[in-house]
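Below is one structure; the comments refer to it alone.
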Amino acid sequence: MTDVVHIRHITEADWDGIVAIESRAYTALGLSEGRAALRSRAEISPGTCFVLDVGSGPAGYLLALPYPALRYPDLERTEEAVVPPQPAPATRNLHLHDIVVEEGLRGRGLGRRLLHHFTLTARARGYERISLIAVGRSDTFWSARGYTAHPGISPGGYGANAVYMSRAVPTDLGAQPEPTGVVPSGPSVPTKRADPRVPCP
């Protein structure tokens, strides 16, 4: 048996589900942001934020927004509270703030598919770099995917082992994002590394 997988942009009806998924993933780590902060990130760049549907409902999400290199969002504040009143110069850096797949669905390649879709989108929109903050000791996962740590940056508010990382947007990803497909259903092997939270700079 298989479930249909669909990656799409976030709608108003998704926020209860996103907030619940985020809370389950990050409350124990002390990194849960709450609805207002999450929404403020997505409102900055709705075209780079996605929901992952598996079968009949949301199974994960990804939030990303343009942010100057070597900077990152404050988890305790909404974007409106930190964005300067005058428009900032356009940045070619896209910050991958958060990517989460529901725990019971991990180990099926869903996080990888969501990340691939996002990376294709970043390239199509002309971004040159992607940055993120690896939390919960997930830096080895991101290193294996081409992200490099910036040792001089100590991301405050993201936990003791947070690492600011970035990489150039790859040019060899194939053609277009493929938002639909199927994934086997049934038991999975849980893995934190595939679905860590990636707060954005």
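The values are calculated or read from the model by the stated rules, or taken from the named source; none is laboratory data. For clarity, every value in this text was computed on a predicted model and none was experimentally measured. Cβ atoms come from the backbone with ideal geometry, glycine included; neighbour counts cover every protein chain shown. To get the accessible areas, we keep the full protein, side chains included, count just its heavy atoms, and leave off ligands, DNA and RNA. Shrake-Rupley method; radii C 1.70, N 1.55, O 1.52, S 1.80 Å.
Could you check the simple spin-label distance between S23 and A168, using points 7 Å along Cα→Cβ, in nm with one decimal?
4.3 nm
Packing-wise, with mean Cβ within 10 Å as the measure, how do 131-139, 38-46 rank, highest first?
Values: 131-139: 23.3, 38-46: 19.6.
Ranking the peptides 131-139, 38-46 by packing returns 131-139, 38-46.
Round to a whole number: what % of the accessible area of region 1-53 belongs to carbon and sulfur, probe 1.4 Å? List each step's numbers first, then the result.
Numbers: 1430 of 2430 Å².
That fraction is 59 percent.
Under the definition of Cα pairs under 8 Å and six or more residues apart, what whole-number percent is the relative contact order of region 1-146?
On the way: 190 pairs, mean separation 34.1, N = 146.
Computed over region 1-146, the figure is 23 percent.
Compactness ratio of region 1-121: Cα Rg over 2.2 N^0.38 Å, N = residue count?
On the way: Rg = 14.6 Å, N = 121, 2.2 N^0.38 = 13.6 Å.
Normalised by 2.2 N^0.38 Å, the Cα Rg of region 1-121 equals 1.07.
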